[in-house]
Each structure stands twice: as C-alpha cells, then as structure tokens.
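*Asks:* Dropping the structure in here first, questions after.
The values are calculated or read from the model by the stated rules, or taken from the named source; none is laboratory data. Because the structure is predicted, anything quoted here is derived from the model rather than measured. Here Cβ is always computed from backbone atoms with ideal geometry, including for glycine, and neighbour counts include all displayed protein chains. Accessible surface is based on the protein model in full, side chains and every heavy atom, while ligands, DNA and RNA are left aside. Shrake-Rupley method; radii C 1.70, N 1.55, O 1.52, S 1.80 Å.
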Amino acid sequence: MKATTIHGTRDIRFGEVADPVLQAPTDAIVKVVAGCICGSDLWPYRGENPITAGDTIGHECVGVVEEVGSDVRDFKAGDFVVVPFDHCDNTCAHCQVGMQSACVNLGMTNSGQGEYARVAQADGSLVATNGTPDAAMLPSLLALSDVMPTGWHAAVAAGVRKGGTVVVVGDGAVGLCGVLAAAQMGAEKVIAMSRHEPRQKIATAFGATHLIAERGKEGAAAVKEITGGVGADAVLECVGTDQSMGTAFAVARPGAMVGFVGVPHGVELPVRRMFQKNVGLAGGMAPVRRYLPELLDLVTSGTINPGLVFDLTLPMADVAEGYAAMDERRAIKVMLQP
C-alpha cells in the first residue's frame, strides 16, 4: 500500500510500504476513507521527538472495515467505522473506570495517513456509523478519532460545569474543540485565547463568548478583567508547552482545575502556585472510546460540527504540503483522502 512516512526533520514522504496484516484474532484492517494531520505530528516533524527513519505516521482516520480476525464478533467487512487513535479492549479494569487510554491491551493507529490501518482490539475500539455517511459528514466524523474527544476530555478533566467560566489555552484544532466542548457542557463564559483571525472565527462559531489575543501577563490580566478579578472556574490547556501551562495556572481561580491534553514538552509545573491557590491538574491522553458514542450522537444529530476545524483538504499524495501548511500556520488542520 501507499502511506505517509517520516525520515527526518521536515522530511515527510508518501510511498510504498508493507500492507498491514492481522497480527491477532482481535485485529481488524480498515481501508482509510479519510485521515488527517494532528498537531502532535508536528513535534517529530520539527525534530522535537525522536524518530526511526521510514516509520509510518498518522493516527487519525475513518474508513471501511476490510478484514477482521477470527475473534472479532461486532464488525464485518463493509462496516463504516470511526477509529479511535488509542485502541482498547474496553473490558479491562482501567477501561471499566473510563481510562481506555491506559488499557492493559493498549494499541495505537500508526498508518492513518495511508491507504490501510490495522486496529488492535477491534470490538473494543471501533464505533460504527449507521451505514455509509454522506461526504459532508466526513470531516466531523474524522474529528471524532482524536481532536474532538481530546478537547472534550480536557473539559471533563477541568470540571467544566453549567454556568461556569472557562478559559481555553491554545487555538489549534484541539483547543477549538475544547471551546466547543465547554459550550456544549453549558459554560456561561468561554474565553478563547487566540490571536489568529481564522481560528477566532471558528472559536466564536463553536461558542466562545470572549476572545483574548494577548499572551503572558497581558493575557492573564485580560482574563482577570473579564472575570471581575476572580479568574476561571476551569481551564483547558491544549498546547503542551511550559508557557501554555504557566498561562493556564495564571488564569485559574483558587480552587479551580486545569484539564491538560497537550502533549507535554519541557513543562515544569508551578507546584508552589498550585499549593497556594489550591489549583489542581488532571487530564492526559484522551480515552477516546469512552466519549465516542455520545459524541457520535451529537455529530449525527447535527448538534455539533467539529469538522469545521479542517480548513484544508488534500490528496494523501500531497501530505508533505499538508505538514508544511500546518507547520507554517497556513492551515489549522488538514484532512487527507487517498
């Protein structure tokens, strides 16, 4: 098959690799109908994460089941499915308490930017749609493989409540989905920290009530002004840098919770501030399968449209341009189709 591979800093290629095969009777092979580039893919692309040259890359996709292992009972060839980026059996002790991202049989999608992907623990991981969706629905369904559940997880971890005040740090696709999640959960004020007009427009469409372009101390001061000097009841940290984490704690009110889902790079927690203000931290890698059924209902009913985060669609063969566009902030999130 053809798939995206990474070979070094800013060296993305699309070419022939070995077809994925069933490795266990619980596996499934999915023919990718749509994949995408994740903000976290930019870390290895920029040389911030170690890589093995020639490895496939891409962990978000939707598609059609091609083949299933002998133990797979709930899916068959021809089913259209959303593929969570983190695979789980959905039955282990950790899955049972909603931590599917820590499943004892955890697997990951690793060729979502290719023609086929292997899914471990197919029965526990995959979620089928009601037949083949319309093309117009694809972006929002694709968002359910990672960014929408990740933004939702940030909101859950931060304890977003009806009538509360929420600050979202980060205006990438995950941060924008965090805005959508907070609004859907009934927050009265949803403050998006963004200084890029295209992202501000999506944040507003998703339910942001306030936009803050400033960063650092100026950004924190703007939050204090909006909240009457109190700070946010819940903060969603959706970037993963030391600066974004510092901002999250700076804008949190005493007793608040920060929900973090940005993959941490060089983060040092302000433990003394956390102690003095009784501000907590929760979150991490999103247990996508936990949220998928509810989010799928919200998408298919037309209640939410997270697919708006995709502002560029390219043939999969042009994936290198997609990476460059996101790296240079010419695109928020890129959808790829074979």
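*Asks:* Send over the per residue convex hull volume for the chain, Cα only, as a whole number of Å³.
*Replies:* Values: hull volume 41.6 nm³, N = 338.
Dividing the Cα hull volume of the chain by its residues yields 123 Å³.
*Asks:* Taking 0.36 nm per residue of separation and subtracting the Cα-Cα distance, what length does fully extending ALA205 through MET99 add?
*Replies:* Details: separation 106, 0.36 × 106 = 38.16 nm, distance 3.04 nm.
Going from the current span to full extension adds 35.1 nm.
*Asks:* Between ASN130 and VAL64, what length comes free when the chain is fully extended (0.36 nm per residue of separation minus the Cα-Cα distance, one decimal in nm)? Intermediate values should be presented prior to the final figure.
*Replies:* Details: separation 66, 0.36 × 66 = 23.76 nm, distance 1.23 nm.
Extra length available between ASN130 and VAL64 comes to 22.5 nm.
*Asks:* By how many nm would the segment from GLU225 to ASP71 lengthen if fully extended, with 0.36 nm per residue of separation less the alpha-carbon distance?
*Replies:* Roughly 49.7 nm would be gained on extension.
*Asks:* Mind giving me the FRET efficiency for GLU48 and ALA282? R0 is 25 Å, r the Cβ-Cβ distance, nearest 0.05 is fine.
*Replies:* Numbers: r = 25 Å, r/R0 = 0.99.
Computed FRET efficiency for GLU48 and ALA282: 0.50.
*Asks:* Amide H to amide H, which residues 5 or more places from ALA34 or on other chains are under 5 Å from it, using H placed in the peptide plane?
*Replies:* VAL62
*Asks:* Per residue, how much accessible surface does the chain expose to a 1.4 Å probe? Answer in Å², no decimals.
*Replies:* Computed with neighbouring chains in place, this is 41 Å² per residue.
*Asks:* Could you state the angle between the C-alpha long axis of helix 216-226 and the longest principal axis of the C-alpha atoms of the chain, as a value from 0 to 90 degrees rounded to the nearest 10?
*Replies:* Tilt of helix 216-226: around 70 degrees.
*Asks:* Next question, about the same structure. Helix 242-251 versus the longest principal axis of the chain: what is the Cα-based angle in degrees, 0 to 90, to the nearest 10?
*Replies:* Tilt relative to the chain: about 50 degrees.
*Asks:* Based solely on its DSSP helices, what 222 nm [θ] is calculated for the chain when runs of n ≥ 4 H residues each add -39,500 (n - 2.57) and the sum is averaged over all residues, nearest 500 deg cm²/dmol? Mind showing how you got there, number by number?
*Replies:* Working: 12 runs with 102 residues, N = 338.
After summing the helix terms and dividing by residue count, I get -8500 deg cm²/dmol.
*Asks:* Okay, moving on. Could you report the accessible area of GLU66 in Å², rounded to 10, computed with a 1.4 Å probe on the protein chains as they sit in the structure?
*Replies:* 90
*Asks:* Taking a cut-off of 25 Å between Cα atoms, list the lysines near LYS201, but don't count ones fewer than 8 places away on the same chain.
*Replies:* Within the straight-line limit of under 25 Å, LYS201 reaches these lysines: LYS162, LYS189, LYS217, LYS224, LYS333.
*Asks:* Another one. Explain nothing, just the number: relative contact order of the range 1-117, from Cα pairs under 8 Å at least 6 residues apart, as a whole percent.
*Replies:* On the way: 266 pairs, mean separation 36.0, N = 117.
Value for the range 1-117: 31 percent.
*Asks:* Let me ask another. Within the range 166-180, list the residues whose amide N lies under 18 Å from a label point set 7 Å along Cα→Cβ of ALA213.
*Replies:* Within reach of a label on ALA213, which here means backbone N under 18 Å from a point 7 Å along Cα→Cβ, the range 166-180 contributes 170-172.
*Asks:* At what distance in nm do the modelled label points of HIS7 and MET274 sit from each other, each positioned 7 Å from its Cα along Cα→Cβ?
*Replies:* 4.2
*Asks:* Mind listing the long-range amide H neighbours of ASP55? Cut-off is under 5 Å, sequence gap 5 or more, other chains count too, H placed in the peptide plane at 1.01 Å from N.
*Replies:* Amide H neighbours of ASP55, under 5 Å, 5+ apart: ILE6.
*Asks:* Angle, helix 173-184 long axis vs. longest principal axis of the chain, Cα atoms, 0 to 90°, nearest 10?
*Replies:* Long axis of 173-184 versus the principal axis of the chain: about 70 degrees.
*Asks:* Report the one residue of ALA34, VAL81, GLN100 whose Cα lies farthest in the direction of the positive end of the charge dipole of the range 1-102 (charges on C-beta: Lys and Arg +1, Asp and Glu -1; origin at the Cα centre).
*Replies:* Of ALA34, VAL81, GLN100, it is ALA34.
*Asks:* If you roll a 1.4 angstrom probe over the protein chains with everything in place, what fraction of the accessible area of the chain belongs to carbon and sulfur, to the nearest %? Numbers along the way, then the final one.
*Replies:* On the way: 6890 of 13910 Å².
That fraction is 49 percent.
*Asks:* For the range 154-162, what does the Karplus curve 6.51 cos²θ - 1.76 cosθ + 1.60, with θ = phi - 60°, yield as ³J(HN,Hα) per residue in whole Hz, taken in order and with x for Gly and Pro?
*Replies:* Values per residue, Gly and Pro as x: 4, 5, 5, 4, 7, x, 4, 10, 4 Hz.
*Asks:* If you don't mind, there's one more thing I want to ask. Once the whole set of protein chains is in place, how much accessible area is left on MET274, using a 1.4 Å probe, in Å² to the nearest 10?
*Replies:* 40
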